Amino acid sequence: MRGLGLLYGVEVAAGSLSPLMRGARSGASSYPFTGAGESKTQGLVVAPPLTSTDDDTDLLLTALGEAVTSPT
């Protein structure tokens, strides 16, 4: 099944995207984005598959939480 699933965008403070990406575990189904225009935004798109289990979601949230709270 392709093209189905969950999609979340998490905007982060300017300059914190690179440390967040370094801190995120592999397999978290996420990728960075940057906005365009006068006020450039940075963020992380989280896109777990539709077939994700509760355990997969817990792992993803744990990985994101650790990445956000880890020292840079």
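The values are calculated or read from the model by the stated rules, or taken from the named source; none is laboratory data. Because the structure is predicted, anything quoted here is derived from the model rather than measured. Please note: Cβ atoms are built from the backbone with ideal geometry, for glycine as well, and neighbour counts cover all protein chains shown.
A few comments on the model shown:
- Number of the condition not met by Ser70 [criteria: (1) among the polar types (S, T, N, Q); (2) surrounded by fewer than 14 Cβ atoms within 10 Å (Cβ to Cβ); (3) modelled with pLDDT of 75 or more]: (3)
- Checked against (1) at pLDDT 80 or above; (2) in contact with a Ser or Thr (Cβ under 8 Å, 6 or more places away or on another chain); (3) surrounded by 15 or more Cβ atoms within 10 Å (Cβ to Cβ), Pro19 meets all criteria but (1).
- Pair list, Cβ under 6 Å, 6 or more apart: segment 5-30 residue within 13 Å of Leu59 (Cα to Cα), other residue modelled with pLDDT of 75 or more and in a helix (DSSP H, G or I): Ala24/Ala63; Arg25/Ala63; Ala28/Leu60; Ala28/Ala63
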